[in-house]
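Read the structure below first, then the notes.
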Amino acid sequence: MNITRGFTGRPRVHDSGLPPGQYDARDEWPVLSAEVTPDLAPEDWTFRIDGLVAEPRTWDWEQAHALPADAYEGDIHCVTGWSKFGVRFGGVSLDAFLDQVRPLPSATHVVAYAHTGYTTNLPLADVIGGRAWIAWEYGGEPLPAEHGGPARLIVPHLYFWKSAKWIAGLRLLDHDEPGFWEGNGYHARGNPWEEQRYSGD
Amino acid sequence: MTQPGTPVTRFAVPGRIGVSRQAASVWRTATLTEIRRETPRVSTFRFAVPGWPGHLPGQHLMVRLTAGDGYTAQRHYSIASAPDDSGHVELTLDHVRDGEVSGWFHTVARPGDRIEMRGPLSGFFAWPGDRPALLLGAGSGVVPLMSMVRHHRARNLTLPLRLLVSARGPEDLIYADEYGPETTPVFTRTAPEGTAVGRMTAAHVAPLLVEQPPGGWEAYVCGSNSFAEHASRLLVAAGQPVERIRIERFG
Ligand SMILES: Cc1cc2nc3c(=O)[nH]c(=O)nc-3n(C[C@H](O)[C@H](O)[C@H](O)COP(=O)(O)OP(=O)(O)OC[C@H]3O[C@@H](n4cnc5c(N)ncnc54)[C@H](O)[C@@H]3O)c2cc1C
């Protein structure tokens, strides 16, 4: 251990909800994206799932809202070091979408892509079974554009760069294909509890 | 992305360079060699980093401080210095109120102290000096842009480079003595006699886009989120293509 002279850290209560190397951002919700925030109206938003599925399909805003409402309540973790406790995202479970397109047995991974062209890759297992959502509300309000509104992907058990803002679709694949940040040196999976920040971690 | 169904991506901005995965995953011990005050709230910290693999202007690194009880704090900092082969890097830190890491740097750190760093990280915001660059920064957001300006100067590059830097007033302008004709400061609260006060506007940005260099600008925007939103919208409104705007947000 390389102790830094004179560094004690902020007085802290031990918090088991905080993954290693993270701090509690409390009321702050930093915005991190390398893109210009798009002006995307709900009427123009669409969400598509294709690739290795029985029936590819595109939903518009109304069709997506007709699916059973669901919400994620819990914590989120950003690779830049902050975590936020007890947030609430309202939307629809990704399972509800996937049930309609029926993934083929050969599908192992997904590439999530945004209306801006941003991409990120995920193992299929990380987005099924109640672990991922398409969200359009934050704290009961419409999701702000700079945080991915009108709708974004939420995969809260992974670092938040996986939760693609301005989500446009998922493509199911039988192999892993690095997305935008993954191609820029970030880890392929991004599990905060194992500190999978950069490739090689 | 050629399969049917995929929208045409506008954000097809590739990383400017291949990132060394090896370098990004290694923690190195860096020794603080010098502290220089830039403004009342901002200082530059110079480190000797044995084994530093080199960087490109615009890249950042991760700093880790460790307390006696094993607690660690990690933060990202842009690299302020131009690439050189001296094995040193410089960081320029704003003293954030109640800041855990910046607070340690500004109140405890002294030459000889050892900390850990990993990097350089992310090739996305990097500028190898290959395209005309239009740089917009505010506050400590000027740090990675200064690395580009310094690189441009050190290499005697002739391709066009322009910097618009926003600060509250002259006393808050980081690197004030180092700017040349490539730079236009914008003061938001107080300004010297005869200089306008106010935030960056279309009037600052539009003329630069009217007189585009051949091939157009590669735009780099860095600062707080609110500045990044404001400045990137000014660029889009002035006609800069979104896929040629790179943004680094400090949070
Ligand atoms: C890619 C990137 C590059 C960056 N480059 C630079 C750079 O070149 N220069 C620079 O100065 N900064 C840079 N930053 C910002 C930097 O990473 C830090 O966010 C900044 O230094 C603040 O860290 P800190 O530990 O001092 O403050 P923190 O301890 O993180 O505090 C930040 C704010 O939150 C409040 N806060 C949070 N938690 C608590 C708590 N538990 N108790 C009390 N208050 C709390 C504090 O009051 C403070 O105002 C960069 C960020 C990114 C993402």
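Tell me, how many Å apart are the Cα centres for the range A:114-187 and for the range B:206-243?
After rounding, the separation between the Cα centres reads 27 Å.
What residues qualify as long-range amide H neighbours of A:Gly51, i.e. H under 5 Å apart, gap of 5 or more or another chain, H built at 1.01 Å from N?
It is A:Leu172, by chain and number.
Given the C-alpha atoms of the protein assembly as shown, compute the convex hull and give its volume per residue in Å³.
Details: hull volume 66.6 nm³, N = 452.
Taking only Cα atoms, the protein assembly as shown has a hull volume of 147 Å³ per residue.
Can you compute the FRET efficiency between B:Arg37 and A:Glu55 using 1/(1 + (r/R0)^6), with r the Cβ-Cβ distance and R0 = 56 Å? Round to the nearest 0.05. Provide the component values of the computation, followed by the final result.
Values: r = 64 Å, r/R0 = 1.15.
So, using R0 = 56 Å, E works out to roughly 0.30.
What is the magnitude of the charge dipole of the protein assembly as shown about its Cα centre, with +1 placed on the Cβ of each Lys and Arg, -1 on the Cβ of each Asp and Glu, and no other charges, expressed in debye to the nearest 20?
Details: 42 positive and 51 negative charges, 228 e Å.
So the dipole magnitude of the protein assembly as shown works out to roughly 1100 debye.
Tell me, what ³J(HN,Hα) does each residue in the range B:201-216 have, in order and in whole Hz, if you take phi through Karplus 6.51 cos²θ - 1.76 cosθ + 1.60 with θ = phi - 60° and put x for Gly and Pro?
10, 4, 5, 6, 8, 4, x, 5, 7, 6, 9, 6, x, x, x, x
Per-residue mean of other chain beta-carbon atoms within 10 angstrom of the beta-carbon, peptide A:26-34? Let's see the in-between values first.
Working: counts 0, 0, 1, 2, 5, 9, 8, 5, 13.
Shielding by partners across A:26-34 averages 5.
Would you mind giving the three semi-axes, in whole Å and largest first, of the ellipsoid equivalent to the range B:149-251 according to its Cα gyration tensor? Show your work: numbers first, answer last.
On the way: eigenvalues 89, 66, 39 Å².
Semi-axes (√(5λ), whole Å): 21, 18, 14.
Can you run phi through the Karplus equation (6.51, -1.76, 1.60; θ = phi - 60°) for the range A:121-133 and list ³J(HN,Hα) in whole Hz, with x for Gly and Pro?
Result, ordered by residue: 9, 8, x, 4, 4, 7, 10, 10, x, x, 10, 8, 9 Hz.
Report the one residue of A:Leu173, A:Pro19, A:Val127 whose Cα lies farthest in the direction of the positive end of the charge dipole of chain A (charges on C-beta: Lys and Arg +1, Asp and Glu -1; origin at the Cα centre).
In chain A, that residue is A:Pro19.
Would you pull out the residues with amide H under 5 Å of B:Ala30's amide H, same chain only if 5 or more places away, H placed 1.01 Å from N?
Under 5 Å from the amide H of B:Ala30 lie the amide H atoms of B:Ile115, B:Glu116, B:Met117, each far enough along the sequence or on another chain.
Going from most exposed to least, what order do B:Thr201, A:Thr116 have by accessible area with a 1.4 Å probe?
Working: B:Thr201 60, A:Thr116 15 Å².
Reading off the accessible areas and sorting them downward yields B:Thr201, A:Thr116.
Could you work out the relative contact order of chain A? I mean the mean sequence separation of Cα pairs under 8 Å and 6+ apart, divided by the number of residues, in percent. Mind showing how you got there, number by number?
Values: 417 pairs, mean separation 46.3, N = 201.
Relative contact order of chain A: 23 percent.
Return the calculated 222 nm mean residue ellipticity for the protein assembly as shown, to the nearest 500 deg cm²/dmol, obtained by summing -39500 (n - 2.57) across DSSP H runs with n ≥ 4 and dividing by the residue count. Present the calculation step by step, with values, prior to reporting the outcome.
Working: 7 runs with 61 residues, N = 452.
Per the formula, -4000 deg cm²/dmol.
What is the projected area of the convex hull of the Cα atoms of the range B:62-151, averaged over all directions, in nm²?
Values: hull surface 28.6 nm².
Quarter of the Cα hull surface area: 7.1 nm².
Which whole-number percentage describes the relative contact order of chain B, with Cα contacts under 8 Å and a sequence gap of 6 or more? List each step's numbers first, then the result.
Numbers: 499 pairs, mean separation 49.0, N = 251.
Relative contact order, chain B: 20 percent.
Provide the three semi-axes, in whole Å and in decreasing order, of the ellipsoid equivalent to the range A:7-109 as defined by the square roots of 5 times the Cα gyration tensor eigenvalues. Before the final figure, lay out the partial values.
Details: eigenvalues 241, 63, 42 Å².
In descending order, the three semi-axes are 35, 18, 14 Å.
How much of B:Thr107 can a 1.4 Å solvent probe reach, expressed as accessible area in Å² and rounded to 10?
Estimated to the nearest 10 Å², B:Thr107 gives 100 Å².
Read phi for every residue in the range A:26-33 and hand back ³J(HN,Hα) as whole Hz from Karplus 6.51 cos²θ - 1.76 cosθ + 1.60, θ = phi - 60°, with x for Gly and Pro.
Running phi through 6.51 cos²θ - 1.76 cosθ + 1.60 with θ = phi - 60° gives 6, 7, 6, 9, x, 9, 10, 7 Hz.
Around A:Phe85, under 13 Å between beta carbons, what's the net of Lys plus Arg minus Asp minus Glu among the other residues? Please list the in-between numbers first.
On the way: positive: A:Arg26, A:Lys84, A:Arg88; negative: A:Asp15, A:Asp24, A:Asp27, A:Glu28, A:Glu73, A:Asp75.
Charge balance near A:Phe85 sits at -3.
Find out how many positive minus negative residues lie around B:Arg189, taking Lys and Arg as positive, Asp and Glu as negative, among other residues whose Cβ is under 12 Å from that of B:Arg189.
Values: positive: B:Arg168, B:Arg199; negative: B:Glu171, B:Asp172.
Cβ neighbours under 12 Å give a net charge of 0.
Percent of Cα-Cα pairs per 5 Å bin, from 0 to the last occupied bin, for chain A, please list those.
Pair shares across the bins are 1, 7, 16, 20, 20, 16, 10, 5, 3, 2, 1, 0, 0.
How many Cβ atoms of partner chains, on average, are near each residue of B:67-79 if near means within 10 Å of its Cβ? Mind showing how you got there, number by number?
Details: counts 9, 8, 5, 3, 6, 7, 8, 8, 3, 4, 0, 0, 0.
Mean partner shielding for this stretch: 5.
Quick check on chain B: what are the equivalent-ellipsoid semi-axes from the Cα gyration tensor, as sqrt(5λ), descending, whole Å? Numbers along the way, then the final one.
On the way: eigenvalues 174, 113, 58 Å².
Whole-Å semi-axes of the equivalent ellipsoid: 30, 24, 17.
If amide H atoms are built 1.01 Å from N in the plane of the peptide, which residues on other chains or at least 5 residues away come under 5 Å of the amide H of B:Gly216?
Those lying under 5 Å, H to H, from B:Gly216: there are none.
If you take every DSSP beta bridge fully contained in chain B, what fraction is antiparallel? Give it as a percent rounded to 5. Spell out each step's value before the answer.
Values: 29 of 51 bridges.
The antiparallel proportion sits near 55 percent.
Which residues among the range B:195-214 fall inside the zone where the amide N is under 17 Å from a point 7 Å beyond the Cα of B:Ser226, along Cα→Cβ?
Inside the label zone: B:198-201.
The values are calculated or read from the model by the stated rules, or taken from the named source; none is laboratory data. Quick caveat: nothing in here was measured; it's all calculated off a predicted structure. Virtual Cβ from ideal backbone geometry, glycine too; neighbours counted across all protein chains shown. Heavy atoms of the whole protein, side chains included, go into the accessibility calculation; ligands, DNA and RNA do not. Shrake-Rupley method; radii C 1.70, N 1.55, O 1.52, S 1.80 Å.
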